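Student: First the structure, which I've put down as structure tokens, then a few questions once you've had a look.
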Amino acid sequence: MKNLKLGGKFIFVINSLVAFLLLVSYILAYIPPKKFATLSVLSLSVPLLILLNIIFFIYWLLRVKKQLLLSLLVLVLGWSYISTMYKFSSSKKIEDTNNISVMSYNVRLFNMFSWLPSKTVKEDIVEFIYSENLDILSMQEYRTADPIKLDGYYSFNATLNNTVKRGQAIFSKFPIVNSGSLEFPNTFNNGIFVDIVKHKDTIRIYNLHLQSSGIKTDVKTLKKETSGHLFKQVGATFKAQQEQVELFLKHKSKCNYKSIVTGDFNNTAYSYIYKKVKGDDLLDSFEEAGNGFGRTYNFKFFPLRIDFILSDKAFTVNGFKTYDIKLSDHYPIKATLKLH
């Protein structure tokens, strides 16, 4: 600091703050939101904090200043986070007759409230699904009161069923031999599951839609929100998500089948929520076979990956793809899996 001019000292102070926040965000993945709900919101900003630290590192590097070591050290400590944010390898795609194609897609009520100008969103989504020839499809924000029919598929909660919370559906080309609902309390969000049979194997498929914050992400609306209100609301959301994940894990612990967990987690891969759902026994299909940022939500400020397909380690991930189609505020994702 002694050899820096006033402007340089000011920049280094900002650099130190950004580095500290990124370091704290690493730790938050191990701390339940119920303990530090407001602070846990930092996990959403990890991509931005990583980017800022890279910029600071390059800034000091070009000036041949030892201050570059601060951001470099923090980035090295969180290298696994950087590799989670962006996959440098090209998408892996291995063709195999035993592959199972699995898609997760938040369809945003088929544009029920005309968020998009198109009048044929529902029809376009159905056409897209048929074009992909999927084996398994999980949908969130699905309208059971205005269902779609997919020829050649079995389904659960795809039509109006008053005994199960609405909003999600699972379609499968393989027979469904069991199904059920987790029934998250005090919310419209929920988790459902089916057991499917492929040859002699029974596989459990979960479709989770964890608590939504209810905050609109367009720039005009965000400008009207106070930072205090945003932090409070998102913190409360993360606490609710923790309770939902605990319910899911308790349910999953009683299942002896190999599992695939799909859904919209409304949280990132840097969060406590994601870490608990993934645990030590599931693979993130994007990390195994994806490329780029893997953005799944249309957020203008930085790429957000909040939709996931996680599979038991008994599966090999032979492919992963994020589709750049704008029929919802989410982008569909597809994993190609092979059971050993």
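The values are calculated or read from the model by the stated rules, or taken from the named source; none is laboratory data. The structure presented is a predicted model; accordingly, all values stated were derived computationally and were not measured. Counting neighbours? That spans all protein chains shown, and the Cβs are built from the backbone with ideal geometry, glycine included.
Student: Would you confirm, using the coordinates I've provided, whether THR217 is modelled with pLDDT under 95, over 18 Å from ARG166 (Cα atoms) and hydroxyl-bearing (Ser, Thr, Tyr)? Give the derivation first.
Tutor: On the way: modelled with pLDDT under 95: yes; over 18 Å from ARG166 (Cα atoms): yes; hydroxyl-bearing (Ser, Thr, Tyr): yes.
Spelling it out, THR217 is indeed modelled with pLDDT under 95, over 18 Å from ARG166 (Cα atoms) and hydroxyl-bearing (Ser, Thr, Tyr).
Student: At least 1 residues that are in contact with a Gly (Cβ under 6 Å, 6 or more places away or on another chain) in each: list the helices (runs of 4 or more DSSP H) lying fully within region 226-340 that qualify. Break it down stepwise before answering.
Tutor: Working: elements: 227-252, 272-278, 285-289.
Ranges flagged: 227-252, 285-289.
Student: I'd like the residue in region 1-44 that is in contact with a Gly (Cβ under 7 Å, 6 or more places away or on another chain) and assigned to a helix (DSSP H, G or I) and, out of all such residues, is surrounded by the fewest Cβ atoms within 10 Å (Cβ to Cβ).
Tutor: Among them, the one singled out is TYR26.
Student: If I ask for residues that are crowded, with 17+ Cβ neighbours inside 10 Å, over 20 Å from ARG108 (Cβ atoms) and hydroxyl-bearing (Ser, Thr, Tyr), which ones from region 147-180 would you list?
Tutor: Residues satisfying the conditions are TYR153, TYR154, SER172, SER179.
Student: Filter region 190-210 down to the residues that are buried (at least 22 other Cβ atoms within 10 Å of the Cβ) and β-branched (Val, Ile, Thr) and list them by number.
Tutor: ILE192, VAL194, ILE196, ILE203, ILE205
Student: Separate question: Restricted to region 70-107, and to residues that are surrounded by 12 or more Cβ atoms within 10 Å (Cβ to Cβ) and more than 30 Å from SER138 (Cα to Cα), which residue is farthest from the chain's Cα centre (by Cα)?
Tutor: Filtering region 70-107 for residues that are surrounded by 12 or more Cβ atoms within 10 Å (Cβ to Cβ) and more than 30 Å from SER138 (Cα to Cα), the one farthest from the chain's Cα centre (by Cα) comes out as LEU70.
Student: The conditions are (1) surrounded by 21 or more Cβ atoms within 10 Å (Cβ to Cβ); (2) in contact with a helix residue (DSSP H, G or I) (Cβ under 7 Å, 6 or more places away or on another chain), and PHE308 fails exactly one of them. Which is it?
Tutor: Going through the list (1) surrounded by 21 or more Cβ atoms within 10 Å (Cβ to Cβ); (2) in contact with a helix residue (DSSP H, G or I) (Cβ under 7 Å, 6 or more places away or on another chain), PHE308 breaks only (2).
Student: So for region 185-197 (the condition being under 28 Å from THR268 (Cα atoms), of a type in the set (Phe, Trp, Tyr), modelled with pLDDT of 95 or more and part of a loop (DSSP other than H, G, I, E, B)), does at least one residue qualify?
Tutor: Looking through region 185-197, none of the residues is under 28 Å from THR268 (Cα atoms), of a type in the set (Phe, Trp, Tyr), modelled with pLDDT of 95 or more and part of a loop (DSSP other than H, G, I, E, B).
Student: If you scan region 123-132, which residues turn out to be under 23 Å from the mean Cα position of the chain (by Cα) and either without any contact (Cβ under 8 Å) to a residue 40 or more places away in the chain or crowded, with 18+ Cβ neighbours inside 10 Å (or both)?
Tutor: Within region 123-132, ILE125, VAL126, ILE129 qualify.
Student: Ok, one more. Looking at ASN178 and the list (1) modelled with pLDDT of 85 or more; (2) closer than 23 Å to LEU39 by Cα; (3) of a type outside the set (Val, Ile, Thr); (4) not in a loop (DSSP other than H, G, I, E, B), which single condition is not satisfied?
Tutor: The failed condition is (2).
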